[in-house]
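Here is the structure we will look at.
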Amino acid sequence: MRLFIFATAALTALTMGAHADPLADRKANMKERGSLLRVLGPVAQGRADFETATVLDALEKLNANAQAAIDVDALYPEGTESGDTKVKATVWSDRDGFKKANDDYTAKVAAAVEAQPQDLESFKAAFAPIAASCGGCHEVYRN
Amino acid sequence: MSVLARISGGVLLVAAIGGAAAWYLAAPSRLDAATVASLGNGDATRGEQVFWASGCASCHAAPGADADAALSLGGGERFVTEFGVFVAPNISQHPTDGIGSWSAEDLANAVMRGVSPSGQHYYPAFPYASYARMKPQDVADLYAFMKTLPEVEGKAPSNELSFPFNQRWALGFWKMLYLDDAPRVELANASDEVLRGRYLVEGPGHCGECHTPRGALGGMDSSKWLAGAKAAEGEGNVPNITTGEGGIGDWSKIEIVDLLETGFTPEFDSVGGSMAPVIRNMAKLSPEDREAIAAYLMAIPGHASAN
(Lines give C-alpha, C1' and ligand atoms only; values in the text may rest on other atoms or scores of the structure.)
Protein backbone atom coordinates (compact mmCIF):
# COMPACT_ATOMS: atom_id res chain seq x y z
CA MET A 1 0.00 0.00 0.00
CA ARG A 2 2.74 2.40 0.94
CA LEU A 3 4.41 1.68 -2.31
CA PHE A 4 1.20 2.38 -4.14
CA ILE A 5 0.73 5.76 -2.46
CA PHE A 6 4.32 6.61 -3.12
CA ALA A 7 4.01 5.64 -6.75
CA THR A 8 0.86 7.69 -7.22
CA ALA A 9 2.47 10.67 -5.56
CA ALA A 10 5.52 10.36 -7.72
CA LEU A 11 3.42 10.03 -10.82
CA THR A 12 1.35 13.05 -9.90
CA ALA A 13 4.51 15.00 -9.22
CA LEU A 14 5.90 13.90 -12.54
CA THR A 15 2.87 14.81 -14.58
CA MET A 16 2.46 18.00 -12.57
CA GLY A 17 6.10 18.72 -13.20
CA ALA A 18 5.55 18.48 -16.91
CA HIS A 19 2.51 20.74 -16.91
CA ALA A 20 2.83 22.88 -13.80
CA ASP A 21 3.73 25.91 -15.82
CA PRO A 22 3.11 25.21 -19.50
CA LEU A 23 3.73 28.83 -20.39
CA ALA A 24 7.22 28.84 -18.88
CA ASP A 25 7.90 25.40 -20.35
CA ARG A 26 7.06 26.35 -23.89
CA LYS A 27 9.06 29.56 -23.67
CA ALA A 28 12.08 27.68 -22.32
CA ASN A 29 11.66 25.17 -25.14
CA MET A 30 11.64 27.98 -27.71
CA LYS A 31 14.63 29.69 -26.09
CA GLU A 32 16.58 26.46 -26.46
CA ARG A 33 15.80 26.49 -30.19
CA GLY A 34 17.34 29.96 -30.31
CA SER A 35 20.53 28.82 -28.61
CA LEU A 36 20.86 25.76 -30.85
CA LEU A 37 20.40 27.92 -33.92
CA ARG A 38 23.16 30.14 -32.64
CA VAL A 39 25.37 27.12 -33.36
CA LEU A 40 23.77 26.07 -36.64
CA GLY A 41 22.81 29.45 -38.15
CA PRO A 42 26.33 30.91 -38.55
CA VAL A 43 27.47 27.65 -40.20
CA ALA A 44 24.66 27.91 -42.75
CA GLN A 45 25.48 31.60 -43.27
CA GLY A 46 29.14 30.74 -43.91
CA ARG A 47 30.28 32.65 -40.81
CA ALA A 48 31.46 29.56 -38.94
CA ASP A 49 33.27 26.48 -40.21
CA PHE A 50 31.33 23.32 -40.90
CA GLU A 51 32.38 20.67 -38.38
CA THR A 52 30.44 17.46 -38.75
CA ALA A 53 30.43 16.51 -35.06
CA THR A 54 29.27 19.95 -33.87
CA VAL A 55 26.55 20.17 -36.47
CA LEU A 56 25.23 16.64 -35.87
CA ASP A 57 25.25 17.18 -32.11
CA ALA A 58 23.23 20.40 -32.44
CA LEU A 59 20.79 18.74 -34.83
CA GLU A 60 20.27 15.85 -32.38
CA LYS A 61 19.53 18.35 -29.63
CA LEU A 62 17.15 20.27 -31.87
CA ASN A 63 15.38 17.00 -32.57
CA ALA A 64 15.06 16.17 -28.84
CA ASN A 65 13.78 19.71 -28.30
CA ALA A 66 11.15 19.30 -31.02
CA GLN A 67 10.04 15.94 -29.60
CA ALA A 68 9.63 17.59 -26.19
CA ALA A 69 7.15 20.05 -27.71
CA ILE A 70 5.12 17.57 -29.68
CA ASP A 71 2.12 17.69 -27.33
CA VAL A 72 0.50 20.98 -28.31
CA ASP A 73 -2.45 20.55 -25.93
CA ALA A 74 -0.12 20.15 -22.97
CA LEU A 75 2.00 23.20 -23.75
CA TYR A 76 -0.77 25.47 -25.02
CA PRO A 77 -3.77 24.69 -22.79
CA GLU A 78 -6.75 27.03 -22.46
CA GLY A 79 -6.01 29.84 -20.03
CA THR A 80 -2.42 30.43 -21.13
CA GLU A 81 -3.23 32.89 -23.89
CA SER A 82 -2.60 35.97 -21.74
CA GLY A 83 0.06 37.12 -19.32
CA ASP A 84 3.74 37.19 -20.16
CA THR A 85 3.36 35.59 -23.54
CA LYS A 86 3.60 36.61 -27.17
CA VAL A 87 1.33 33.84 -28.36
CA LYS A 88 -1.49 34.86 -30.74
CA ALA A 89 -5.14 33.91 -30.29
CA THR A 90 -4.79 31.96 -33.57
CA VAL A 91 -3.11 29.16 -31.57
CA TRP A 92 -6.60 28.42 -30.23
CA SER A 93 -8.84 29.66 -33.02
CA ASP A 94 -6.85 27.70 -35.63
CA ARG A 95 -5.83 24.76 -33.49
CA ASP A 96 -5.51 22.34 -36.39
CA GLY A 97 -3.32 24.70 -38.38
CA PHE A 98 -1.08 25.24 -35.39
CA LYS A 99 -0.73 21.51 -34.77
CA LYS A 100 0.08 20.97 -38.41
CA ALA A 101 2.74 23.71 -38.34
CA ASN A 102 4.23 22.05 -35.27
CA ASP A 103 4.16 18.60 -36.86
CA ASP A 104 5.70 19.89 -40.09
CA TYR A 105 8.48 21.53 -38.17
CA THR A 106 9.12 18.38 -36.12
CA ALA A 107 9.25 16.29 -39.30
CA LYS A 108 11.78 18.63 -40.93
CA VAL A 109 14.08 18.45 -37.92
CA ALA A 110 13.79 14.67 -37.82
CA ALA A 111 14.58 14.53 -41.55
CA ALA A 112 17.70 16.63 -41.03
CA VAL A 113 18.99 14.22 -38.39
CA GLU A 114 18.11 11.33 -40.65
CA ALA A 115 20.09 12.90 -43.49
CA GLN A 116 23.28 12.95 -41.33
CA PRO A 117 24.81 15.76 -43.38
CA GLN A 118 28.55 15.35 -43.82
CA ASP A 119 29.32 18.54 -45.68
CA LEU A 120 28.20 22.16 -45.83
CA GLU A 121 26.03 21.78 -48.93
CA SER A 122 23.97 18.88 -47.64
CA PHE A 123 23.68 20.57 -44.26
CA LYS A 124 22.37 23.76 -45.86
CA ALA A 125 19.81 21.77 -47.84
CA ALA A 126 18.53 20.12 -44.65
CA PHE A 127 18.68 23.28 -42.57
CA ALA A 128 16.93 25.77 -44.89
CA PRO A 129 13.43 24.27 -44.44
CA ILE A 130 13.88 24.21 -40.66
CA ALA A 131 14.90 27.86 -40.57
CA ALA A 132 11.94 28.77 -42.77
CA SER A 133 9.48 27.01 -40.44
CA CYS A 134 10.54 29.11 -37.45
CA GLY A 135 9.50 32.36 -39.12
CA GLY A 136 6.57 30.71 -40.87
CA CYS A 137 5.00 29.66 -37.59
CA HIS A 138 5.86 32.92 -35.80
CA GLU A 139 4.20 34.87 -38.62
CA VAL A 140 0.81 33.34 -37.95
CA TYR A 141 0.87 32.23 -34.32
CA ARG A 142 2.99 34.79 -32.48
CA ASN A 143 2.70 38.56 -32.06
CA MET B 1 -6.53 48.08 -35.58
CA SER B 2 -5.90 50.96 -33.20
CA VAL B 3 -3.77 52.94 -35.62
CA LEU B 4 -6.53 53.06 -38.17
CA ALA B 5 -8.99 53.77 -35.41
CA ARG B 6 -6.95 56.75 -34.36
CA ILE B 7 -6.52 57.91 -37.92
CA SER B 8 -10.25 57.75 -38.50
CA GLY B 9 -10.95 59.46 -35.17
CA GLY B 10 -8.48 62.18 -36.01
CA VAL B 11 -10.02 62.71 -39.39
CA LEU B 12 -13.39 63.22 -37.79
CA LEU B 13 -12.16 65.64 -35.19
CA VAL B 14 -10.39 67.74 -37.77
CA ALA B 15 -13.44 67.65 -39.99
CA ALA B 16 -15.58 68.93 -37.14
CA ILE B 17 -13.18 71.80 -36.51
CA GLY B 18 -12.85 72.51 -40.19
CA GLY B 19 -16.48 73.44 -40.67
CA ALA B 20 -17.67 75.22 -43.76
CA ALA B 21 -14.45 75.61 -45.72
CA ALA B 22 -14.31 71.85 -45.61
CA TRP B 23 -15.18 70.91 -49.12
CA TYR B 24 -12.82 73.33 -50.73
CA LEU B 25 -9.81 72.70 -48.50
CA ALA B 26 -10.19 68.96 -48.44
CA ALA B 27 -10.14 68.69 -52.23
CA PRO B 28 -7.61 66.08 -53.36
CA SER B 29 -4.30 67.49 -54.51
CA ARG B 30 -2.67 65.65 -57.39
CA LEU B 31 0.96 65.54 -58.40
CA ASP B 32 2.13 68.68 -60.21
CA ALA B 33 2.76 68.74 -63.94
CA ALA B 34 6.56 68.69 -63.59
CA THR B 35 6.44 65.52 -61.52
CA VAL B 36 4.04 63.88 -63.94
CA ALA B 37 6.30 64.83 -66.86
CA SER B 38 9.26 63.28 -65.05
CA LEU B 39 7.51 59.91 -64.87
CA GLY B 40 9.04 59.10 -68.25
CA ASN B 41 9.49 55.57 -69.43
CA GLY B 42 9.76 52.93 -66.78
CA ASP B 43 12.16 49.99 -66.63
CA ALA B 44 10.43 46.80 -65.49
CA THR B 45 13.62 45.18 -64.17
CA ARG B 46 14.34 48.09 -61.88
CA GLY B 47 10.64 48.22 -61.09
CA GLU B 48 10.72 44.73 -59.63
CA GLN B 49 13.21 45.93 -57.01
CA VAL B 50 10.93 48.88 -56.23
CA PHE B 51 8.00 46.50 -55.90
CA TRP B 52 9.76 44.40 -53.24
CA ALA B 53 11.24 47.42 -51.50
CA SER B 54 7.79 48.94 -51.09
CA GLY B 55 5.99 45.80 -49.97
CA CYS B 56 2.87 46.11 -52.15
CA ALA B 57 2.43 42.32 -52.06
CA SER B 58 2.28 42.27 -48.24
CA CYS B 59 -1.19 43.79 -48.42
CA HIS B 60 -2.46 43.14 -51.96
CA ALA B 61 -1.46 39.45 -52.39
CA ALA B 62 -2.82 36.57 -50.31
CA PRO B 63 -1.50 36.53 -46.71
CA GLY B 64 1.70 34.51 -46.41
CA ALA B 65 2.15 34.48 -50.19
CA ASP B 66 5.68 33.93 -51.46
CA ALA B 67 7.26 33.45 -54.87
CA ASP B 68 4.74 33.58 -57.73
CA ALA B 69 1.71 33.84 -55.45
CA ALA B 70 3.07 37.19 -54.23
CA LEU B 71 2.70 38.52 -57.78
CA SER B 72 -0.99 37.73 -57.86
CA LEU B 73 -2.40 41.02 -56.60
CA GLY B 74 -6.09 40.19 -56.34
CA GLY B 75 -6.48 41.91 -52.96
CA GLY B 76 -9.15 40.87 -50.51
CA GLU B 77 -7.10 40.90 -47.34
CA ARG B 78 -9.25 42.36 -44.55
CA PHE B 79 -7.95 44.83 -42.00
CA VAL B 80 -10.38 44.67 -39.12
CA THR B 81 -10.76 47.78 -36.96
CA GLU B 82 -13.27 48.86 -34.38
CA PHE B 83 -14.71 51.28 -36.94
CA GLY B 84 -15.20 48.69 -39.61
CA VAL B 85 -13.22 46.69 -42.08
CA PHE B 86 -10.78 47.95 -44.71
CA VAL B 87 -10.27 45.61 -47.64
CA ALA B 88 -7.19 45.71 -49.87
CA PRO B 89 -8.41 46.23 -53.45
CA ASN B 90 -7.50 44.19 -56.54
CA ILE B 91 -4.48 45.96 -58.07
CA SER B 92 -3.74 43.27 -60.66
CA GLN B 93 -3.65 44.07 -64.38
CA HIS B 94 -7.26 43.02 -64.89
CA PRO B 95 -8.74 45.87 -66.98
CA THR B 96 -11.97 46.23 -65.00
CA ASP B 97 -11.55 44.34 -61.72
CA GLY B 98 -7.98 45.58 -61.20
CA ILE B 99 -5.98 48.59 -62.40
CA GLY B 100 -5.01 47.29 -65.84
CA SER B 101 -6.40 50.36 -67.56
CA TRP B 102 -4.58 52.88 -65.35
CA SER B 103 -1.86 55.20 -66.69
CA ALA B 104 1.48 55.71 -64.93
CA GLU B 105 0.12 59.06 -63.81
CA ASP B 106 -2.89 57.38 -62.19
CA LEU B 107 -0.66 54.99 -60.29
CA ALA B 108 1.69 57.77 -59.17
CA ASN B 109 -1.23 59.87 -57.88
CA ALA B 110 -2.55 56.91 -55.92
CA VAL B 111 0.80 55.84 -54.46
CA MET B 112 2.33 59.27 -53.79
CA ARG B 113 -0.76 61.38 -53.08
CA GLY B 114 -3.48 58.95 -52.05
CA VAL B 115 -5.79 60.19 -54.83
CA SER B 116 -7.85 57.92 -57.07
CA PRO B 117 -8.24 58.48 -60.83
CA SER B 118 -11.74 59.83 -60.17
CA GLY B 119 -10.37 62.25 -57.58
CA GLN B 120 -11.31 60.53 -54.32
CA HIS B 121 -9.08 60.26 -51.27
CA TYR B 122 -7.75 56.89 -50.19
CA TYR B 123 -7.53 55.95 -46.53
CA PRO B 124 -4.02 56.10 -45.11
CA ALA B 125 -4.21 52.36 -44.36
CA PHE B 126 -2.66 52.46 -47.85
CA PRO B 127 0.70 53.87 -46.69
CA TYR B 128 0.95 56.75 -49.16
CA ALA B 129 2.03 59.07 -46.33
CA SER B 130 5.38 57.23 -46.63
CA TYR B 131 5.29 56.57 -50.38
CA ALA B 132 4.99 60.36 -50.87
CA ARG B 133 8.79 60.33 -50.52
CA MET B 134 9.32 57.98 -53.47
CA LYS B 135 11.18 59.17 -56.55
CA PRO B 136 8.89 59.63 -59.56
CA GLN B 137 11.32 57.51 -61.60
CA ASP B 138 10.90 54.64 -59.12
CA VAL B 139 7.12 54.83 -59.46
CA ALA B 140 7.46 54.85 -63.26
CA ASP B 141 9.64 51.72 -63.00
CA LEU B 142 7.14 50.16 -60.60
CA TYR B 143 4.39 50.85 -63.13
CA ALA B 144 6.38 49.14 -65.88
CA PHE B 145 6.94 46.10 -63.65
CA MET B 146 3.30 45.88 -62.56
CA LYS B 147 2.33 45.87 -66.25
CA THR B 148 4.11 42.48 -66.52
CA LEU B 149 2.03 40.91 -63.71
CA PRO B 150 -0.97 38.64 -64.23
CA GLU B 151 -4.60 39.68 -64.41
CA VAL B 152 -6.62 38.43 -61.48
CA GLU B 153 -10.34 38.24 -61.94
CA GLY B 154 -12.80 39.37 -59.32
CA LYS B 155 -13.16 42.67 -57.54
CA ALA B 156 -12.26 42.64 -53.86
CA PRO B 157 -15.25 43.48 -51.64
CA SER B 158 -15.64 47.12 -50.60
CA ASN B 159 -14.64 48.48 -47.23
CA GLU B 160 -17.26 47.96 -44.56
CA LEU B 161 -17.23 51.31 -42.81
CA SER B 162 -20.18 52.98 -41.19
CA PHE B 163 -20.95 56.68 -41.07
CA PRO B 164 -19.02 58.88 -40.45
CA PHE B 165 -15.91 56.87 -41.14
CA ASN B 166 -17.03 56.24 -44.68
CA GLN B 167 -16.74 59.95 -45.51
CA ARG B 168 -13.69 59.96 -47.76
CA TRP B 169 -13.73 63.72 -48.30
CA ALA B 170 -12.77 64.29 -44.65
CA LEU B 171 -9.43 62.59 -45.33
CA GLY B 172 -8.33 65.81 -47.02
CA PHE B 173 -7.78 67.31 -43.58
CA TRP B 174 -5.70 64.43 -42.45
CA LYS B 175 -3.57 64.87 -45.53
CA MET B 176 -3.14 68.59 -44.89
CA LEU B 177 -1.61 67.70 -41.55
CA TYR B 178 0.39 64.61 -42.37
CA LEU B 179 1.05 64.26 -46.07
CA ASP B 180 4.39 65.72 -47.07
CA ASP B 181 7.61 64.50 -48.62
CA ALA B 182 10.09 66.09 -46.21
CA PRO B 183 12.73 63.85 -44.56
CA ARG B 184 11.68 62.41 -41.19
CA VAL B 185 15.02 63.13 -39.55
CA GLU B 186 17.81 65.60 -40.22
CA LEU B 187 21.13 63.89 -40.87
CA ALA B 188 24.23 66.07 -41.00
CA ASN B 189 27.02 64.97 -43.38
CA ALA B 190 25.28 61.72 -44.22
CA SER B 191 27.18 59.36 -46.53
CA ASP B 192 25.61 58.23 -49.81
CA GLU B 193 24.94 54.87 -48.19
CA VAL B 194 23.02 56.43 -45.29
CA LEU B 195 21.05 58.62 -47.71
CA ARG B 196 20.11 55.56 -49.75
CA GLY B 197 19.03 53.89 -46.50
CA ARG B 198 16.98 56.93 -45.58
CA TYR B 199 15.19 56.80 -48.89
CA LEU B 200 14.42 53.09 -48.55
CA VAL B 201 13.26 53.27 -44.92
CA GLU B 202 11.29 56.54 -45.00
CA GLY B 203 9.86 56.11 -48.49
CA PRO B 204 9.15 52.78 -50.17
CA GLY B 205 10.02 50.61 -47.12
CA HIS B 206 7.43 52.49 -44.98
CA CYS B 207 9.07 51.08 -41.84
CA GLY B 208 7.76 53.99 -39.77
CA GLU B 209 4.13 53.03 -40.42
CA CYS B 210 4.58 50.18 -37.93
CA HIS B 211 7.66 51.16 -35.90
CA THR B 212 6.77 54.80 -35.06
CA PRO B 213 4.17 55.79 -32.44
CA ARG B 214 1.26 57.94 -33.59
CA GLY B 215 -0.18 61.08 -32.07
CA ALA B 216 -3.81 61.73 -31.16
CA LEU B 217 -4.82 62.33 -34.78
CA GLY B 218 -3.05 59.32 -36.17
CA GLY B 219 0.01 61.06 -37.61
CA MET B 220 3.47 59.62 -37.01
CA ASP B 221 5.36 61.25 -34.13
CA SER B 222 8.65 62.21 -35.79
CA SER B 223 10.22 63.07 -32.43
CA LYS B 224 10.03 59.35 -31.64
CA TRP B 225 10.88 58.18 -35.14
CA LEU B 226 11.17 54.35 -35.21
CA ALA B 227 11.12 54.16 -31.38
CA GLY B 228 8.50 51.40 -31.38
CA ALA B 229 4.72 51.47 -31.18
CA LYS B 230 1.66 49.52 -30.27
CA ALA B 231 0.87 46.91 -32.90
CA ALA B 232 -1.77 48.04 -35.37
CA GLU B 233 -3.54 44.71 -35.37
CA GLY B 234 -4.06 42.54 -32.33
CA GLU B 235 -2.10 42.94 -29.15
CA GLY B 236 1.60 43.24 -28.79
CA ASN B 237 4.20 45.84 -29.53
CA VAL B 238 6.30 46.68 -32.52
CA PRO B 239 9.89 46.99 -31.29
CA ASN B 240 12.12 50.04 -31.06
CA ILE B 241 14.61 49.89 -33.96
CA THR B 242 16.70 52.91 -33.00
CA THR B 243 19.98 52.67 -31.09
CA GLY B 244 18.31 54.08 -27.93
CA GLU B 245 17.42 52.19 -24.76
CA GLY B 246 15.35 49.10 -25.48
CA GLY B 247 16.31 49.29 -29.14
CA ILE B 248 18.95 47.66 -31.31
CA GLY B 249 21.98 49.69 -30.13
CA ASP B 250 23.96 46.55 -29.40
CA TRP B 251 23.38 45.02 -32.84
CA SER B 252 26.24 45.17 -35.33
CA LYS B 253 25.64 46.27 -38.89
CA ILE B 254 26.07 42.67 -40.06
CA GLU B 255 23.45 41.52 -37.57
CA ILE B 256 20.90 44.02 -38.90
CA VAL B 257 21.70 42.99 -42.48
CA ASP B 258 21.31 39.30 -41.53
CA LEU B 259 17.93 39.99 -39.94
CA LEU B 260 16.68 41.69 -43.10
CA GLU B 261 17.86 38.77 -45.22
CA THR B 262 17.01 35.76 -43.03
CA GLY B 263 14.62 36.97 -40.32
CA PHE B 264 16.93 35.85 -37.53
CA THR B 265 17.86 38.25 -34.73
CA PRO B 266 21.33 38.10 -33.12
CA GLU B 267 19.74 35.78 -30.50
CA PHE B 268 18.54 33.57 -33.34
CA ASP B 269 14.92 34.23 -32.62
CA SER B 270 13.05 34.39 -35.90
CA VAL B 271 10.89 37.50 -36.28
CA GLY B 272 7.27 36.83 -36.98
CA GLY B 273 3.94 38.64 -37.04
CA SER B 274 3.69 41.45 -39.55
CA MET B 275 7.51 41.61 -39.88
CA ALA B 276 7.65 38.20 -41.60
CA PRO B 277 6.34 39.46 -44.97
CA VAL B 278 8.68 42.47 -44.70
CA ILE B 279 11.62 40.04 -44.43
CA ARG B 280 10.43 38.12 -47.51
CA ASN B 281 10.53 41.43 -49.39
CA MET B 282 13.85 42.65 -47.98
CA ALA B 283 15.47 39.30 -48.83
CA LYS B 284 14.87 40.11 -52.51
CA LEU B 285 16.77 43.42 -52.43
CA SER B 286 20.45 43.77 -53.29
CA PRO B 287 22.95 43.25 -50.44
CA GLU B 288 23.93 46.92 -50.87
CA ASP B 289 20.37 48.06 -50.19
CA ARG B 290 20.13 45.95 -47.03
CA GLU B 291 23.46 47.42 -45.90
CA ALA B 292 22.16 50.92 -46.62
CA ILE B 293 19.10 50.31 -44.43
CA ALA B 294 21.32 49.06 -41.61
CA ALA B 295 23.63 52.07 -41.98
CA TYR B 296 20.65 54.43 -41.76
CA LEU B 297 19.23 52.73 -38.65
CA MET B 298 22.63 53.12 -36.97
CA ALA B 299 22.91 56.79 -38.01
CA ILE B 300 19.55 58.19 -36.88
CA PRO B 301 18.98 59.59 -33.37
CA GLY B 302 18.43 56.90 -30.73
CA HIS B 303 15.27 57.07 -28.63
CA ALA B 304 14.22 55.07 -25.59
CA SER B 305 11.39 52.68 -26.46
CA ALA B 306 8.14 54.54 -26.88
CA ASN B 307 5.94 51.74 -25.56
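What the Cβ-Cβ distance of B:I254 and B:T96 gives, at R0 = 60 Å and to the nearest 0.05, is a FRET efficiency of 0.80. Solvent-accessible area of region A:21-141 (1.4 angstrom probe, protein heavy atoms only): carbon and sulfur portion equals 55 percent. The amide H of B:L161, built 1.01 Å from its N in the peptide plane, has B:V85 as neighbours under 5 Å, considering only residues 5 or more places off or on other chains.
Seen from B:G154, the other residues with C-beta closer than 14 Å to its C-beta sum to a net charge of -3, counting Lys and Arg as +1 and Asp and Glu as -1. Considering only protein heavy atoms and a probe of 1.4 Å, how much of the accessible area of region B:192-299 is carbon and sulfur, as a whole percent? Result for region B:192-299: 55 percent of the exposed heavy-atom area is carbon or sulfur.
For B:N237, list long-range residues whose amide hydrogen, built 1.01 Å from N in the peptide plane, is under 5 Å from its own amide hydrogen. Answer set, sorted by chain and number: B:A231. Rounded to the nearest 0.05, what FRET efficiency do A:S82 and B:T45 have when you use their Cβ-Cβ distance and R0 = 35 Å? E(calc), rounded to 0.05, equals 0.15.
Contact residues in region A:101-143 by the 50 Å² criterion (accessible area, 1.4 Å probe, full protein complex versus chain alone): A:E139, A:R142, A:N143.
Close amide H pairs (under 5 Å, H built 1.01 Å from N) link A:D71 with no residue at least 5 positions away or on another chain.
Listed values for region B:182-197 are Karplus-derived 3J(HN,Hα) couplings in whole Hz (6.51 cos²θ - 1.76 cosθ + 1.60, θ = phi - 60°), namely 6, x, 6, 9, 7, 10, 6, 6, 6, 6, 4, 5, 5, 5, 4, x, and x replaces Gly and Pro.
Applying 1/(1 + (r/R0)^6) with R0 = 56 Å to the Cβ-Cβ distance of B:S162 and B:S191, what FRET efficiency is obtained, to the nearest 0.05? Between B:S162 and B:S191 the formula returns 0.65.
Computed from backbone phi, the HN-Hα couplings of region A:97-110 come to x, 5, 4, 5, 4, 5, 5, 4, 4, 4, 5, 5, 5, 4 Hz, rounded to whole numbers (Karplus: 6.51 cos²θ - 1.76 cosθ + 1.60, θ = phi - 60°; Gly and Pro given as x). Note on chain A: dipole from Cβ charges, positive end direction compared against A:T90, A:V43, A:A128; the farthest Cα belongs to A:T90.
With all pairs of different C-alpha atoms in the average, the Kirkwood value for the hydrodynamic radius of region B:33-178 is 15.7 Å. In a fully extended conformation the segment linking B:S286 and B:K155 would gain 43.8 nm over its present Cα-Cα distance, using 0.36 nm per residue. Above 35 Å, the calculated P(r) of the protein assembly as shown contains 37 percent of its Cα-Cα pairs. Across all Cα atoms of chain B, the radius of gyration (one decimal) and Dmax (whole number) stand at 18.7, 56 Å.
About the centre of its Cα atoms, the protein assembly as shown shows a dipole size close to 960 debye [charges on the beta carbon of Lys, Arg (+1) and Asp, Glu (-1) only; nearest 20 debye]. Rounded to the nearest 100, the interface formed by chains B and A buries 1300 square angstrom of accessible surface, both chains summed, with a 1.4 Å probe. With the convex hull drawn around the C-alpha atoms of region B:143-284, the volume per residue stands at 191 Å³. On region B:74-182, 54 percent of the accessible area sits on carbon and sulfur atoms, based on a 1.4 Å probe. Reported value for region A:21-141: 94 Å³ per residue, from the convex hull of its C-alpha atoms.
Per-residue 3J(HN,Hα) values for region B:89-94, derived from phi via the Karplus relation 6.51 cos²θ - 1.76 cosθ + 1.60 with θ = phi - 60°, read x, 6, 10, 6, 7, 4 Hz in sequence order (x marks Gly and Pro).
Modelled spin-label separation between B:N237 and B:V80, with each label point placed 7 Å from Cα along the Cα-to-Cβ direction: 2.5 nm. With Cα atoms as the point set, region A:32-78 shows a radius of gyration and Dmax of 13.4, 44 Å. Between region B:37-97 and region A:53-74, how many Å separate their Cα centres? Answer, in whole Å: 38. Packing, as the average of other Cβ atoms within 10 Å across residues, places the peptides B:45-53, B:280-288 in the order B:45-53, B:280-288, highest first. Using a simple charge model, +1 on the beta-carbon of Lys and Arg, -1 on the beta-carbon of Asp and Glu, nothing else, what dipole does region B:192-299 show about its Cα centre, in debye to the nearest 20? Charge dipole of region B:192-299: 320 debye, to the nearest 20. In the context of the full set of protein chains, residues of the protein assembly as shown present 48 Å² of accessible surface per residue (probe radius 1.4 Å, heavy atoms only). Cross-linked pairs A:K88/B:K224; B:K135/B:K224; B:K155/B:K284; A:K108/B:K230; A:K61/A:K86: Cα-Cα separations exceed 31 Å for A:K108/B:K230.
Placing a pseudo-label 7 Å from each Cα along the Cα-to-Cβ vector at A:D71 and B:S116 gives an inter-label distance of 5.5 nm.
The values are calculated or read from the model by the stated rules, or taken from the named source; none is laboratory data. The shown structure was predicted, so the numbers you read here are calculated from the model rather than taken from an experiment. FYI the Cβ positions are ideal-geometry reconstructions off the backbone, even for glycines, and counts take in every protein chain you see. Surface accessibility is based on the protein's heavy atoms, side chains included, excluding ligands, DNA and RNA. Shrake-Rupley method; radii C 1.70, N 1.55, O 1.52, S 1.80 Å.
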